[in-house]
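First the structure, in the form of structure tokens, and then the observations on it.
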């Protein structure tokens, strides 16, 4: 299966240096693009547009794939799925430590993307209004109660998804925690 990995704020595609080879060893073809500016200052929809172009360039405009978003990348992925037509070709979406209801941390950084990640933002309300576009998709959410970036932590406990609590001791630790790796690989392997 083709899998697209979407990084979070201040990161690049290299953030998946453990997850990507783990999935590739299990037969998946992974794409982990680096989106810019990676602090989201131009807004999350602009990053979603970049994501769409990178996916189409790598896989064509119709080839199906699974989508995995880490942190801010989960919200960028949702915009791609819900507002840019990605829901027509993605059947599995996993959000890892993504602030689905926003994060208070976003008040501490300037820029459009940070504003969009604040609890109660217009951006999050727009995603809420079109969430029905995810209806035919398998949705997974992974979160940790020890997350210091997603505050409150249960903002990543996405109620629409099959949600799994991972005992990772920090936000980035999610990406190499053995429980997450095993569960995500199992979910992507299901036909």
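The values are calculated or read from the model by the stated rules, or taken from the named source; none is laboratory data. Predicted model only: the values in this text are computed from it and were never measured. Backbone-built Cβ (ideal geometry, glycine too); neighbour counts: all protein chains shown.
Quick notes
- Within region 160-169, one or more residues are buried (at least 19 other Cβ atoms within 10 Å of the Cβ) and under 18 Å from residue 16 (Cβ atoms).
- Near pairs, Cβ below 7 angstrom, 6+ apart or cross-chain, from region 156-172 (under 18 Å from residue 188 (Cβ atoms)) to any residue that is in a loop (DSSP other than H, G, I, E, B): 158/100; 163/157; 166/144; 166/177
- Here is the figure for region 139-165: residues that are part of a strand (DSSP E or B) and in contact with a helix residue (DSSP H, G or I) (Cβ under 7 Å, 6 or more places away or on another chain) total 5.
- Of all residues in region 92-113 being within 14 Å of the chain's Cα centre (by Cα) and surrounded by fewer than 21 Cβ atoms within 10 Å (Cβ to Cβ), the one that is nearest to residue 1 (Cα to Cα): 92
- Of all the criteria given as (1) assigned to a helix (DSSP H, G or I); (2) at pLDDT 95 or above, the one not satisfied by residue 168 is (1).
- So residue 91, is it within 29 Å of residue 179 (Cα to Cα) and touching a strand residue (DSSP E or B) at 6+ places or on another chain (Cβ under 7 Å): yes
- Of the criteria (1) over 14 Å from residue 68 (Cβ atoms); (2) not in a helix (DSSP H, G or I), which one residue 182 fails: (2)
- You will find that of 39, 56, the residue that is farther than 18 Å from residue 188 by Cα and in a loop (DSSP other than H, G, I, E, B) is 39 and no other.
- Considering 44, 67, the condition of being surrounded by 23 or more Cβ atoms within 10 Å (Cβ to Cβ) and more than 18 Å from residue 1 (Cβ to Cβ) is satisfied by 44 alone.
- Filter result for residue 125 (part of a helix (DSSP H, G or I), at pLDDT 95 or above and more than 30 Å from residue 59 (Cα to Cα)): yes
- Considering the conditions (1) more than 16 Å from residue 40 (Cβ to Cβ); (2) out of contact with any strand residue (DSSP E or B) (no Cβ under 8 Å at 6 or more places or on another chain); (3) not in a loop (DSSP other than H, G, I, E, B), residue 120 is excluded by exactly one of them, (3).
- Residue tally, condition surrounded by fewer than 20 Cβ atoms within 10 Å (Cβ to Cβ) and part of a loop (DSSP other than H, G, I, E, B), over region 1-31: 9
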